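Chemist: What follows is a single structure, and I will ask about it in a moment.
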């Protein structure tokens, strides 16, 4: 006999009804219903909005029109203006040196990148992505890089890559030590949180205009803006990665007589590498997001293609530039992730 | 089990309620603007027509993000609001976003369309008939790609015309300009960029001048102001009337004068640009008096420079500068009707500001 049937025949309808109801209550069905309801609601609202707005207006009236008694924006604003001018004058020695080193770094990277002729570079990168990610992605890489070059953006892509590369090097150099220190020191962690939040949300142009006054137009303010925007994820993820290392492993290492430094270098950092690499990957992505803003301060590159297209009211040109940035982002993202995974596997293989 | 059942029914009920509420709002009667036209036909001969009571709808000005446009917007806006009684609002943006807004009718007046910078989009809009030009302003404007600070010229008396740049190129070299003089170009997307690049080739300056693209007007002015503060030498494209040109002491290197109808790209200095006032096509029909004022409008660049100076000295906003100009100058009396003039003067005397601008 059929031993799977545990209930008598008569209760089948109940079971079927219950399962239908269960399917109706499933999250995906409910989500779909809510989405359709929202779309329908928007359509109705769209046709009703004028009347609706008038109804709402009459119902609520004009509200309370109370002006706040104090307005400090002007005196404080002009004080800050004066402070920026003062810093421009007095800080010249510092800013010129910083600018010089950043410019030299970018110039060397760019020279290196453009020294390689484009066929060799495209083939090389495609082969690399084939080795690490399989033949499908290798073909995708080849096609998309050829497209990039076909739209006349190769040289510009190299410029952008040089600027991004410099920003990422500087960001990682700043973020890793700070992240490690924050992982070990709770006070530093608490102080850092609001600072990192500010770095990520402050509109770039606010600190870009003073940066242009200090460092003059070009790659330097762009690198500074990119570093400010891209450093927080690296710091946060380094901090997180090290804090999340299993405390039992750390205890085991200590019980073997490891000093604090040895625990950090040989246990915590190696085990936090996946998270740290995720942080670096995010840094690179955020840096690519700043490419158009970099063009606004004269850094050139693919962002300039976008900006020029917008300025001439030709969104098609701007879209081409945008696709170029997307191609670069996808390639760098996948390749660095694959690189991180292969390192992880190598580490696992070493018997940790 | 029962709790989850109630939750999903609750969700469905809320959805139905939302749909019902929107439906009710859609179908509710709408109070519209009421036109009262009474034509009383009596057996007698006289027909009496009562005047239409038309609600004056808001006029939106394109608040372009540079100081002369902001000031002109507020001058014209104050006259429109207090002289002619239309509510006035300002739409913030820049050339890229505000020209399509004008074409679409989201904004109604743009006080500064600089030709030839926006020539291409302007010609297109003219062909399609989507915007109307009603006059010009800032007739005595200027622009040049060979602008240097006065202290640079004083320190190097031989630097008088653009041909002297080659001898003095070391003054303008930057670390990233490959040993050539850095000339900060016009903003990408403006026509002046193409004209400057054409002149760069024509004058064969490729060996000793590198064109640097500033990306944005803010970047261009910030670069000049930074260099000026530090006392560095600077060479590049500047136009006036702008706040920076008014505040800093700048000198234009000499170039061949542009005879009327010439093309500066063929080796001449820039002539004065046409700065047009453009309106959206629907505006004349509903606000003919304001459009007539705009046709008579004629704000000169010298007044703009004076206003910039006043704003800097008094740490004032553009609205205050606009009211100050209206109070102290009489040239606007010619643009407006007598009632409008009286109304504006009364508003100034009553210390009234603009309702939608600070």
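Throughout, read-outs are computed from the coordinates displayed, never taken from laboratory work. Fair warning: this is a prediction, and the values are worked out from it, not measured in the lab. Here the Cβ is made from the backbone with ideal geometry for all residues, glycine too, and neighbour counts use every protein chain on show.
Chemist: Mean separation of Cα pairs under 8 Å and 6+ residues apart, divided by the residue count of chain A: what relative contact order is that in percent? Display every interim value, and only then the final one.
Modeler: Working: 304 pairs, mean separation 57.6, N = 352.
The value is 16 percent.
Chemist: Moving on to the next point. For the range B:138-177 and the range A:277-340, compute the distance between their C-alpha centroids and round to whole Å.
Modeler: When both Cα centres are located, 35 Å separates them.
Chemist: Now a separate question. Quick one: among A:218, A:41, A:257, which has the greatest mean-square fluctuation in a GNM of chain A with alpha-carbon springs under 10 angstrom?
Modeler: Answer for the Gaussian network model of chain A: A:41.
Chemist: Using only Cα atoms and rounding to the nearest 10 degrees, what angle (0 to 90) does helix B:191-202 make with the longest principal axis of chain B?
Modeler: With rounding to tens, the tilt is 20 degrees.
Chemist: Measuring from label point to label point, each 7 Å out along Cα→Cβ, what is the residue A:33 to residue A:80 span in nm?
Modeler: So the label points at residue A:33 and residue A:80 sit 5.0 nm apart.
Chemist: Still on this model: Can you give the direction-averaged projected area of the convex hull of the alpha-carbon atoms in the protein assembly as shown, in nm²? Don't skip to the end; give the middle numbers.
Modeler: Values: hull surface 207.5 nm².
The number I arrive at for the protein assembly as shown is 51.9 nm².
Chemist: Can you figure out the FRET efficiency of residue A:20 with residue B:21, using R₀ = 41 Å and their beta-carbon distance, to the nearest 0.05?
Modeler: Details: r = 30 Å, r/R0 = 0.72.
E between residue A:20 and residue B:21, to the nearest 0.05, is 0.90.
Chemist: In degrees between 0 and 90, to the nearest 10, how far off the longest principal axis of chain B does helix B:2-27 point, with axes built from Cα atoms?
Modeler: The answer is roughly 90 degrees.
Chemist: Determine the gain in length on full extension of the stretch residue A:342-residue A:187; use 0.36 nm per residue of separation and subtract their C-alpha separation, reporting nm with one decimal. Could the numbers behind the result be given before it?
Modeler: Numbers: separation 155, 0.36 × 155 = 55.80 nm, distance 3.51 nm.
Gain in length upon complete extension: 52.3 nm.
Chemist: Something else about it: For the range A:90-349, go through all pairs of different Cα atoms, get the mean of 1/r, take its inverse, and jot down that Kirkwood value in Å. Let's see the in-between values first.
Modeler: Numbers: mean 1/r = 0.0502 Å⁻¹.
Every distinct Cα pair counted, the radius reaches 19.9 Å.
Chemist: On to the next question. Quick one: check the C-alpha center-to-center distance for the range B:286-358 versus the range A:196-216, whole angstrom.
Modeler: 35 Å
Chemist: Assuming R0 = 45 Å, can you tell me the calculated FRET efficiency for the pair residue B:320 and residue B:204, based on Cβ-Cβ distance, to the nearest 0.05? Before the final figure, lay out the partial values.
Modeler: On the way: r = 49 Å, r/R0 = 1.09.
Step by step, r from the Cβ atoms, then E = 0.40.
Chemist: Kindly provide the helix-only [θ] at 222 nm of chain A, computed as the sum of -39,500 (n - 2.57) over DSSP H runs of four or more divided by all residues, to the nearest 500 deg cm²/dmol?
Modeler: It lands at -28000 deg cm²/dmol.
Chemist: Let me ask something additional. How much length, in nm to one decimal, is gained on full extension between residue B:285 and residue B:160, taken as 0.36 nm per residue of separation minus their Cα-Cα distance?
Modeler: Details: separation 125, 0.36 × 125 = 45.00 nm, distance 5.23 nm.
Length gained, residue B:285 through residue B:160: 39.8 nm.
Chemist: Now, a different point. Rounded to the nearest 0.05, what FRET efficiency do residue A:127 and residue A:207 have when you use their Cβ-Cβ distance and R0 = 30 Å?
Modeler: 0.15
Chemist: Another one. Roughly what angle does helix B:119-128 make with the longest principal axis of chain B, taking Cα atoms, 0 to 90 degrees, to the nearest 10?
Modeler: Taking Cα atoms only, the helix is inclined about 30 degrees.
Chemist: Next up: Which whole number of Å³ per residue matches the convex hull of the alpha-carbon atoms in chain B?
Modeler: Details: hull volume 96.4 nm³, N = 358.
Value for chain B: 269 Å³ per residue.
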